[in-house]
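Engineer: Here it is, the structure in full.
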Amino acid sequence: MKNENLYNYILGIADNSLILGQRLGELTGHGPSLETDIACTNISLDLFGQVRSYYQYAAKIAGDNRTEDDIAMLRKEREYVNVLLVEQPNTDFAYTMTRQFLFDVYHLLYLQELQKSTDLTLSAIAAKSMKEVSYHQRFSSDWMKRLGDGTKESNQKMQNAIDDLWRYTDELFHQTEADIAMVKEGIGVDVTALKEKYHQIVTSILEESTLTIPESKYFQKGGKLGIHTEHMGYILTELQYMQRTYPNMEW
Amino acid sequence: MIAEKQHIDQILIPILEQVSDPEIPVLSIMDMGVVRSAVIENNYVKVQITPTYSGCPAMDVIGDDIKAALKEAGYSSEIELILAPAWTTDWITPRGRKALEDYGIAAPLDAEADKEALLGNKKLVKCTNCGSTNTRLVSQFGSTACKAQFQCNDCQEPFDYFKCLK
């Protein structure tokens, strides 16, 4: 492939939204209340919409016969390059919202920069997605505050979720080979430059929520290189079921 | 994926006005502002449409409906989905806003007021049933990606609010 770095770079953005969208989609009909159920699946729909734009573009870059569906449905686990954070299970609403919040803050900062990309397709997708993601962040931040600064029990549940999920956040700011190459060309976002701002925003909202970032400096990584947690295989089993069982099916 | 300039051939406007958003049937796609260009070349029409939200599932149906309407008028056509410039609620026409209100969906406020309303800071969204602004946010996400759920504190009517998108 001529533009392999660009192709891999696009997957690096899109896979996060695909897997998080799939996780949120699991809540269809299972949300804690009708409103939160609809909200989570709405967010999932936004993410899937964005993913389609990215994968369509990636398929074009690949220049062979592959389609957006092939990219979404027919890769093996090691070929997905999403961060570990987004594949973590829903567990309970505290985990679902904390995962969402920790990703949304990053996602919005990322898109704000991607908007300035010299690649016009990527900047168009970013500008479009930003409007949607700012709603996501508003929603998840609101729940952080409401539950963090809620009852003793809700506060404890939120703190447990942060204590568990925080270890996956550092990976958001690791650069892959494709990242480095694309930043050089003015196409990609330098994620290392987002880290400070990310910490500022997260800290300030957590403070308002009477929650704290854990002190441990131990972080998990690997997703960006295709080395996933044990959850990934299960996600893909469900995601890919139809295409694997009935190859090439369409509707 | 990127629109060069917006141009819609006059003769196509009445045809495109017949096509409505399948999720909000009172609203034509023209009043919705999703048609960015439509140009005839040798009886062949090239149409560019833009989604309200990235994941809007209505876009495929809208594309098919446009093709069908144009075919009936004697034109073959192709539809291109574009993302830039990104759709904004400012593109909903005054007639479209009125159609929304009549249908029971509160039309989008401006960006600043929208934020205040969705954060629950101020009561600004008007009930589509009784006109009171004594309303409350039920959920920032509603029956479709573009709407939030509200309820009137006076007449108790639950209704959708079309979120501002800038």
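Engineer: Please go through (1) in contact with an Asp or Glu (Cβ under 8 Å, 6 or more places away or on another chain); (2) within 14 Å of another protein chain (Cβ to nearest Cβ); (3) without any contact (Cβ under 8 Å) to a residue 60 or more places away in the chain for A:Ser123 and return the number of the only condition it doesn't satisfy.
Structural biologist: (1)
Engineer: Against the definition (in a loop (DSSP other than H, G, I, E, B), surrounded by fewer than 17 Cβ atoms within 10 Å (Cβ to Cβ) and either touching a Gly at 6+ places or on another chain (Cβ under 6 Å) or modelled with pLDDT of 95 or more (or both)), how does A:Thr229 come out, yes or no?
Structural biologist: Details: in a loop (DSSP other than H, G, I, E, B): yes; surrounded by fewer than 17 Cβ atoms within 10 Å (Cβ to Cβ): yes; either touching a Gly at 6+ places or on another chain (Cβ under 6 Å) or modelled with pLDDT of 95 or more (or both): yes.
In short, yes.
Engineer: So, one more: Can you tell me which of (1) in contact with a Leu (Cβ under 7 Å, 6 or more places away or on another chain); (2) within 13 Å of A:Gly21 (Cβ to Cβ) is the one A:Asn42 doesn't meet?
Structural biologist: Unmet for A:Asn42, out of (1) in contact with a Leu (Cβ under 7 Å, 6 or more places away or on another chain); (2) within 13 Å of A:Gly21 (Cβ to Cβ): (1).
Engineer: Checking the condition within 14 Å of chain A (Cβ to nearest Cβ), under 14 Å from the mean Cα position of the chain (by Cα) and not hydrophobic (A, V, I, L, M, F, W, C), which residue from B:Ser54, B:Ser28 passes?
Structural biologist: Values: B:Ser28 fails: within 14 Å of chain A (Cβ to nearest Cβ).
Of B:Ser54, B:Ser28, the one residue that is within 14 Å of chain A (Cβ to nearest Cβ), under 14 Å from the mean Cα position of the chain (by Cα) and not hydrophobic (A, V, I, L, M, F, W, C) is B:Ser54.
Engineer: With in contact (Cβ under 8 Å) with a residue 40 or more places away in the chain and within 20 Å of A:Lys128 (Cα to Cα) as the only criterion, which of B:Ile29, B:Ile15, B:Ile82, B:Ile66 stands out? Don't jump to the end; show me each part of the working.
Structural biologist: On the way: B:Ile29 fails: in contact (Cβ under 8 Å) with a residue 40 or more places away in the chain; B:Ile15 fails: within 20 Å of A:Lys128 (Cα to Cα); B:Ile66 fails: within 20 Å of A:Lys128 (Cα to Cα).
One residue alone meets the criteria, B:Ile82.
Engineer: Also, quick follow-up: Quick check: is even one residue across region A:45-62 touching a strand residue (DSSP E or B) at 6+ places or on another chain (Cβ under 9 Å), surrounded by fewer than 24 Cβ atoms within 10 Å (Cβ to Cβ) and either touching a residue at least 40 places away in the same chain (Cβ under 8 Å) or within 18 Å of B:Ser139 (Cα to Cα) (or both)?
Structural biologist: No, every residue in region A:45-62 fails to be touching a strand residue (DSSP E or B) at 6+ places or on another chain (Cβ under 9 Å), surrounded by fewer than 24 Cβ atoms within 10 Å (Cβ to Cβ) and either touching a residue at least 40 places away in the same chain (Cβ under 8 Å) or within 18 Å of B:Ser139 (Cα to Cα) (or both).
Engineer: For A:Met130, all conditions in the list (1) without any contact (Cβ under 8 Å) to a residue 40 or more places away in the chain; (2) more than 30 Å from A:Gln243 (Cα to Cα); (3) over 16 Å from the mean Cα position of the chain (by Cα); (4) within 13 Å of another protein chain (Cβ to nearest Cβ) hold save one; what is the number of the exception?
Structural biologist: Against the list (1) without any contact (Cβ under 8 Å) to a residue 40 or more places away in the chain; (2) more than 30 Å from A:Gln243 (Cα to Cα); (3) over 16 Å from the mean Cα position of the chain (by Cα); (4) within 13 Å of another protein chain (Cβ to nearest Cβ), A:Met130 comes up short only on (3).
Engineer: Might you check whether a residue that is more than 20 Å from A:Ser209 (Cα to Cα), touching a strand residue (DSSP E or B) at 6+ places or on another chain (Cβ under 8 Å) and assigned to a helix (DSSP H, G or I) occurs anywhere in region A:152-169?
Structural biologist: The initial filter retains those residues of region A:152-169 that are more than 20 Å from A:Ser209 (Cα to Cα), namely A:168.
Then keep just the ones that are touching a strand residue (DSSP E or B) at 6+ places or on another chain (Cβ under 8 Å); that gives none.
No - not one qualifying residue is present in region A:152-169.
Engineer: Another one. If A:Ser216 passes every condition in (1) of a type in the set (S, T, N, Q); (2) touching an Asp or Glu at 6+ places or on another chain (Cβ under 8 Å); (3) in a loop (DSSP other than H, G, I, E, B) but one, which one does it miss?
Structural biologist: (2)
Engineer: Determine whether B:Ser20 is polar (S, T, N, Q), farther than 23 Å from A:Ile125 by Cα and not assigned by TED's automatic domain parsing to the domain that holds B:Cys146.
Structural biologist: yes
Engineer: Kindly indicate which of A:Leu206, A:Leu211, A:Leu239 is in a helix (DSSP H, G or I), touching a helix residue (DSSP H, G or I) at 6+ places or on another chain (Cβ under 6 Å) and not acidic (Asp, Glu). Quick ask: steps written out before the conclusion?
Structural biologist: On the way: A:Leu206 fails: touching a helix residue (DSSP H, G or I) at 6+ places or on another chain (Cβ under 6 Å); A:Leu211 fails: in a helix (DSSP H, G or I).
Step by step, each of A:Leu206, A:Leu211, A:Leu239 is checked, and only A:Leu239 is in a helix (DSSP H, G or I), touching a helix residue (DSSP H, G or I) at 6+ places or on another chain (Cβ under 6 Å) and not acidic (Asp, Glu).
Engineer: Continuing with this model, one more query. Which members of region A:179-192 meet the condition of being under 19 Å from the mean Cα position of the chain (by Cα) and free of Cβ contacts under 8 Å to residues at least 40 places away in the same chain?
Structural biologist: Going residue by residue through region A:179-192, those that are under 19 Å from the mean Cα position of the chain (by Cα) are A:179, A:188-192.
Listed by number, the list holds a single entry, A:Thr192.
Engineer: Moving on to the next point. Taking helices (runs of 4 or more DSSP H) that fall entirely within region A:1-110, which contain at least 1 residues that are within 14 Å of chain B (Cβ to nearest Cβ)?
Structural biologist: Once the helices (runs of 4 or more DSSP H) in region A:1-110 are filtered for at least 1 residues that are within 14 Å of chain B (Cβ to nearest Cβ), what remains is A:4-25, A:34-62, A:68-73.
Engineer: Please verify whether A:Ile201 is within 30 Å of B:Ala117 (Cβ to Cβ), in contact (Cβ under 8 Å) with a residue 40 or more places away in the chain and in a helix (DSSP H, G or I), treating the condition exactly as stated. Even if it seems obvious, please write down each step before you answer.
Structural biologist: On the way: within 30 Å of B:Ala117 (Cβ to Cβ): yes; in contact (Cβ under 8 Å) with a residue 40 or more places away in the chain: yes; in a helix (DSSP H, G or I): yes.
Here the answer is yes, as A:Ile201 does meet what is asked.
Engineer: Also, quick follow-up: Restricting attention to region A:121-134, report how many residues are surrounded by fewer than 22 Cβ atoms within 10 Å (Cβ to Cβ), over 14 Å from B:Thr52 (Cα atoms) and not small (Gly, Ala, Ser). So that I can check it myself, show each step before the final result.
Structural biologist: Initial filter on region A:121-134 (surrounded by fewer than 22 Cβ atoms within 10 Å (Cβ to Cβ)): A:121, A:123, A:127, A:130-131, A:134.
Narrowing further to those that are over 14 Å from B:Thr52 (Cα atoms): A:121, A:123, A:134.
After this cut, where a residue has to be not small (Gly, Ala, Ser) as well, the list is A:121.
Within region A:121-134, residues that are surrounded by fewer than 22 Cβ atoms within 10 Å (Cβ to Cβ), over 14 Å from B:Thr52 (Cα atoms) and not small (Gly, Ala, Ser) number 1.
Engineer: Can we say A:Lys152 is surrounded by fewer than 16 Cβ atoms within 10 Å (Cβ to Cβ), more than 11 Å from chain B (Cβ to nearest Cβ) and within 20 Å of B:Trp87 (Cα to Cα)?
Structural biologist: Details: surrounded by fewer than 16 Cβ atoms within 10 Å (Cβ to Cβ): yes; more than 11 Å from chain B (Cβ to nearest Cβ): yes; within 20 Å of B:Trp87 (Cα to Cα): no.
For A:Lys152, the condition - surrounded by fewer than 16 Cβ atoms within 10 Å (Cβ to Cβ), more than 11 Å from chain B (Cβ to nearest Cβ) and within 20 Å of B:Trp87 (Cα to Cα) - is not met.
The values are calculated or read from the model by the stated rules, or taken from the named source; none is laboratory data. Please read these numbers as outputs of a predicted model, since none were measured by experiment. Note that each Cβ is placed from the backbone with ideal geometry, even for glycine, and that neighbours are counted across all protein chains shown.
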